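The values are calculated or read from the model by the stated rules, or taken from the named source; none is laboratory data. These numbers were taken from a predicted model, which means no experiment stands behind them. With ideal geometry, Cβ positions are generated from the backbone for all residues, glycine too; neighbour counts draw on all protein chains shown. Keep in mind that these areas ignore ligands, DNA and RNA; they rest on the heavy atoms of the full protein, side chains included. Shrake-Rupley method; radii C 1.70, N 1.55, O 1.52, S 1.80 Å.
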Amino acid sequence: MLKYISQLARSMAVLGGLVLCALVVLTFVSVSGRALNTLGHAGSLGALGEGLIGAGVGPITGDFELLEAGVAFAIFAFLPLTQLYSAHATVDIFTSALSRRANKALMAFWEVVLSAVIVLVALRLYAGMLDKMQYNETTFLLQFPIWWAYAASFAASLAACVVALYCAAARVAELVTGRAYLPHSEGASH
């Protein structure tokens with residue numbers, strides 16, 4: 001089961017990375033176009049710059065809308081891998097003095113709590129998506145339906161839910177059996 005969960009988490013992270021790369025290119029092109037446009041209006045460009053502006057090179061309309069939707073998706077796409085490898089920020093000032101068994105119990109408890117929060121967020125994303133669909137809300141500039149962004153984030157949050165629930169069950173099983181079920185657990189092969 002870990003193999004499939006790991007593949008899901010890695011696939012989502014790759015997809016999130018591809019979306020972020022596309023957003024970086026989009027932002028670069030838009031900012032460069034905005035800069036060329038500004039220089040062109042100031043008369044600081046030569047024939048090449050004037051030709052680019054004449055060819056329609058300029059800022060990308062709705063770049064902020066696309067960036068907002070894409071980053072929201074990417075966050076949820078990276079969440080499964082973060083969850084699988086327990087890569088969330090932790091503070092262990094007080095827990096470092098506890099026994100190994102107590103630390104395992106705390107890890108299992110917080111894994112269950114975090115999984116419940118991830119499921120709750122996914123449910124709220126779904127409710128928000130339905131709300132945006134019902135009222136046909138669109139973005140200001142591009143006029144694409146806002147629910148599309150919610151749907152993409154919701155799909156990624158479902159993958160996060162699957163991984164989170166597996167991790168919660170694995171942490172509890174590790175506490176009970178003493179065996180390692182996650183790739184970052186003590187005794188697991190890396």
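Are there any pairs with C-beta distances below 8 angstrom linking a residue in region 20-40 that is closer than 24 Å to A72 by Cβ to a residue that is open to solvent by 50 Å² or more (accessible area, probe 1.4 Å) and in a helix (DSSP H, G or I), with the two at least 6 apart or on different chains, and if so which?
Correct list of pairs: L20/V71; L23/L66; L23/L67; L23/V71; L26/L66; L26/L67; T27/L67.
Look through A102, A69, A87, A116 and report the one residue that is outside any loop (DSSP other than H, G, I, E, B), open to solvent by 40 Å² or more (accessible area, probe 1.4 Å) and small (G, A, S).
Values: A102 fails: open to solvent by 40 Å² or more (accessible area, probe 1.4 Å); A69 fails: open to solvent by 40 Å² or more (accessible area, probe 1.4 Å); A87 fails: outside any loop (DSSP other than H, G, I, E, B).
One residue alone meets the criteria, A116.
Go through region 54-66 residue by residue and tally those that are at pLDDT below 85 and surrounded by 11 or more Cβ atoms within 10 Å (Cβ to Cβ). First the steps, then the outcome.
Of the residues in region 54-66, the ones at pLDDT below 85 are 54-59.
From what's left, surrounded by 11 or more Cβ atoms within 10 Å (Cβ to Cβ): 57-59.
Qualifying residue count for the region: 3.
In contact with a Leu (Cβ under 8 Å, 6 or more places away or on another chain) and either closer than 16 Å to E65 by Cβ or open to solvent by 80 Å² or more (accessible area, probe 1.4 Å) (or both) - does that describe any residue in region 150-171?
Yes; the residues of region 150-171 include at least one that is in contact with a Leu (Cβ under 8 Å, 6 or more places away or on another chain) and either closer than 16 Å to E65 by Cβ or open to solvent by 80 Å² or more (accessible area, probe 1.4 Å) (or both).
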